[in-house]
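Remarks on the structure that follows.
The values are calculated or read from the model by the stated rules, or taken from the named source; none is laboratory data. In this text, all values refer to a predicted model and were calculated from it rather than measured experimentally. Every residue, glycine as well, gets a Cβ built from its backbone with ideal geometry; the counts of neighbours run over all protein chains shown. Protein only, heavy atoms only, side chains kept; ligands, DNA and RNA dropped before computing areas. Shrake-Rupley method; radii C 1.70, N 1.55, O 1.52, S 1.80 Å.
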Amino acid sequence: MAPALSRSLGASSVAALRPTPSRGRGPTLRSAVAVQGRGAAAVAARGVRWEAGRRKGKGRMVGVRCEAAVTEKPAGEEEAAGEQFEYQAEVSRLLDLIVHSLYSHKEVFLRELVSNASDALDKLRFLSVTDSSVLSDGGELEIRIKPDPEAGTITITDTGIGMTKDELKDCLGTIAQSGTSKFLKALKENKDLGADNGLIGQFGVGFYSAFLVAEKVVVSTKSPKADKQYVWEAMADSSSYVIKEETDPEKMLTRGTQITLFLRDDDKYEFADPGRIQGLVKNYSQFVSFPIYTWQEKSRTVEKKKKKNRKKGEKKKKKKTITEKYWDWELANETKPIWMRNPKEVEKTEYNEFYKKAFNEFLDPLAYTHFTTEGEVEFRSVLYIPGMAPLSNEEIMNPKTKNIRLYVKRVFISDDFDGELFPRYLSFVKGVVDSNDLPLNVSREILQESRIVRIMRKRLVRKTFDMIQEIAEKEDKEDYKKFWESFGKFVKLGCIEDTGNHKRLAPLLRFYSSKNETDLISLDQYVENMPENQKAIYYIATDSLQSAKTAPFLEKLVQKDIEFWLRGTLFLFQVLYLIEPIDEVAIQNLQTYKEKKFVDISKEDLELGDEDEDKENESKQEYTLLCDWIKQQLGDKVAKVQISKRLSSSPCVLVSGKFGWSANMERLMKAQTLGDTSSLEFMRGRRIFEINPDHPIAKDLSAACKNEPESTEAKRAVELLYETALISSGYTPDSPAELGGKIYEMMTIALGGRWGRPEESEAATSESNVEVESSEGSATEVVEPSEVRPESDPWKD
């Protein structure tokens, strides 16, 4: 149960050390201090020695002597005289800093102690390779945890290597010295034992996490190397400890270590509960390689015994049963770490079963991948694509979904990450990552930012893309359809946030198009069906599929309905429909795909590749006067008026400039709760009014501007035409009520008298109605008898 070796005590611990003049030698805390001389390195640092002994007075101060080897200097060089001082440290304060400053959750004490027990069992197993006699004293290699709610204690017992009296002093009496680290060093020196191991401890402070919940800790241990069993005792607020020989026959161990925690009053209710202990073991130590048993209350059905004997001839009655409660050991870590096995030996059903148990899912995953990465960074991982999207909106695109569980040598470390291992757009991926050499802090709760973590993240993301691509390439497209319905928005978010992976993200995108309004198509399918003279990928962004299909920007493209028969293949000229709010931003971030630019057909200067320049010049000359006249009427509402290349049936359309927001983007930005209204005018694209020269309304207005440019009706028609174009182009009119009034007025003019409205009969009907109302108003009021009040009525006004 030796705690792990610390590379340093940390800033907070060193702050507790202060230099004072030397006052002799006594019980000391040997500090890990290195002194560097000229041209020579300091001697190796020693662990901090926590020994029995206290100084008189109120404060418990223990001396720390700093010893350093200094290289010999050449003859004739004088040594500068100096006064020697010793460091002083208050051990109780040092322990308090180590325990309460390293760990953010009290519950991790069980993880640390179980990890130490696992290390003790591993050490015994390694030593048994060369010396089988170390296994002769005890039974199976296992860990047992017994909480006692009545006594307020937790007892953790392992059948590992145990400790001698000297090892107790070195491992438990020396803060930040790891027996596991020493053992690993010995393994590396002895190559016969091999370098592959599952030892967990490395810092030497894990044992002291017991003081997070315990006011007193008692360690009883028996080593195969010693004939005697020793007991180590310490209080949480003490600077000393006691080691004594075990003399009670009932407490004797055959081999191993037993730790008893006497819980604080505030922690007895929580951590002495057997169910709570079972849950902590399953969470943190579920995949430890040795069996972990916990003391649990169980129930069973037994037959109720009867004292009276049944008489002869009496019918046999049904047996009565009762539920009986009892206590017994229960295996807490049944699930095996599937990622430690060879992928070729694991069946699909085993992967699915592990996924459901580990992540509390009820559906099978859409896909999974199991891989081992070797080289600069070594780790094992199993990743899953869930069968459905999260039900809670809070889990959508949340980097802290706790879907990735990080293990170090099969011991759970954390699932609380903020983008260290996976980007936000892949937060839906679930899985486990296990590595032997992750850069953790001393508490083993925080993953430090480093080059190793960045390499791990890169490889995990790449494996995830490969897994998604395999779903997309399946012959059965239903699986990818399910994936896209659940996680399509995540992929589009990746196009915005991860520019480095555009080449992997773009082939995964799916959209509706003008030729596929019911089935989604990929960008690869779009490019394959492009005619040779099409130089760009066209798209339109709206709020719905119906709006996209009926948008005026599509008229010329749909009317052309270009179907090129080239080399016996049908090529389709089509437009992508971007109907989700995130679509337009995602496409704008991609910019190109396979050297084809994305072009918004709702913006100016649309080039279709089949323009007739002579016809265009004729139209411009013929309608130049009309364009100038309409611009004069509309003023600053539009940047300019021009002849349209995209219209066939609509009289006009309002397009946005190249570098501003489209109508769809302007609508989205206005809807933002925390949007900046001051930026709306700045970012709003300039509006260009395009007219269709072949439409009758354009021809009538052209005649009006030539023959009667000051006509009130013609000017009102231009205003109505502009506001109607606002709506059909996806913009929002400034005053919808005013626009409605203009439409009603135009309808009245258009419909008035067309079918011979019977105005006289209507007037007569209205007059007769007035007479009836007046006669009804003058009729005598009839009062019911029940409502007649006598003169003596006290409620009479």
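Tabulated data for the structure shown
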item	result
Full-stretch length increase - residue 743, residue 592 - with 0.36 nm per residue and alpha-carbon distance subtracted	50.1 nm
Potential lengthening between residue 459 and residue 517 on full extension [0.36 nm per residue; Cα-Cα distance subtracted]	17.2 nm
Accessible area (Å², per residue) of the range 338-473, counting only protein heavy atoms and a probe of 1.4 Å	47 Å²
Separation of alpha-carbon centers, the range 453-482 and the range 739-754, rounded to whole Å	59 Å
Net charge contributed by nearby residues that have their C-beta within less than 12 Å of residue 621 (K/R +1, D/E -1)	-2
Peptides ranked, highest mean first, by Cβ atoms within 10 Å: ranges 727-738, 635-646	635-646, 727-738
Förster radius 45 Å - calculated FRET efficiency between residue 703 and residue 473 (Cβ-Cβ, nearest 0.05)	0.15
Computed Kirkwood radius, in angstrom, where 1/r is averaged over Cα pairs of the range 211-286	14.2 Å
Reference-scaled alpha-carbon Rg (2.2 N^0.38 Å with N residues) for the range 338-473	1.01
The range 338-473 - percent relative contact order, Cα under 8 Å, separation 6 or more	21 percent
Segments 376-389, 235-248 sorted - mean Cβ within 10 Å per residue, highest first	376-389, 235-248
Cross-link pairs 556/742; 515/658; 637/742; 402/430; 482/594 - those with Cα-Cα distance over 20 Å	556/742; 515/658; 482/594
From the C-alpha gyration tensor of the range 226-375, square roots of 5λ in Å	39, 36, 17
